[in-house]
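Please treat every number below as a calculation from the coordinates, not as lab data. Quick caveat: nothing in here was measured; it's all calculated off a predicted structure. All Cβ positions, even for glycine, are placed from backbone atoms using ideal geometry, and neighbour counts span all protein chains on display.
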Amino acid sequence: VAEKLVLALHPSVRIVASAHPILTIHRANRPDRAEVGRVNTAAPGQTVLVSRLAADVVLDAIGHGDAAFLAAVGAGRPLADAAAEGCLADPDFDLQVSLTLHLAQGTFAGIASRPRLQDPSP
């Protein structure tokens, strides 16, 4: 089933990867921020899932596995292939945790089953 199952990302979803701590910098510069002190701009880079659900823009840091999984989903890859991409990017990637989180957050706009392409060779 996972070889045929295809998820669709919500149209507002974007994945932004940076060599800089972009989410930390963004949060430190918001007017409603909690006191964070100085931001270490030399800190490791961050990958951020950006989405607009209802009226709010939501920014969440995500790991390499989750980013690879969601990028594969966004490219129209079947669930099995997308999960494999997540595991290749991060051996600790947990598909169950990722699906649970993103289904609850509304990251996905749809789900479909498509027939697996047949190999044309005899």
For the chain, with only Lys/Arg (+1) and Asp/Glu (-1) charged at the beta-carbon, what is the dipole magnitude about the Cα centre, in debye rounded to 20? 380
Sorted by packing (mean other beta-carbon atoms within 10 Å per residue), highest first, where do 99-108, 63-72, 82-91 land? 63-72, 82-91, 99-108
Can you give the FRET efficiency for Leu59 and Leu88, using 1/(1 + (r/R0)^6), R0 = 35 Å, r = Cβ-Cβ distance, to the nearest 0.05? 0.85
Please find, in a Gaussian network model of the chain (springs between Cα atoms separated by less than 10 Å), the residue of Ile62, Ile15, Ile111 whose mean-square fluctuation is greatest. Ile111
Helix 79-89 vs. the chain, principal-axis angle (Cα, 0 to 90°, nearest 10): 50
Trypsin sites (Lys or Arg not before Pro) restricted to region 32-101 and DSSP loop, no more than 14 other C-beta within 10 Å: Arg33, Arg38
Between Val39 and Ser12, the FRET efficiency computed from the C-beta separation at R0 = 30 Å comes out, to the nearest 0.05, as 0.65
What full-extension length gain, to one decimal in nm, is calculated for Ala28 and Ala75 as 0.36 nm per residue of separation minus the Cα-Cα distance? 13.7 nm
222 nm mean residue ellipticity, helices alone, for the chain (DSSP H n ≥ 4; -39,500 (n - 2.57); rounded to 500): -9500 deg cm²/dmol
To the nearest µm²/s, what D does Stokes-Einstein give for region 5-111 at 37 °C and 0.692 mPa s, using the Kirkwood radius over alpha carbon pairs as Rh? 224
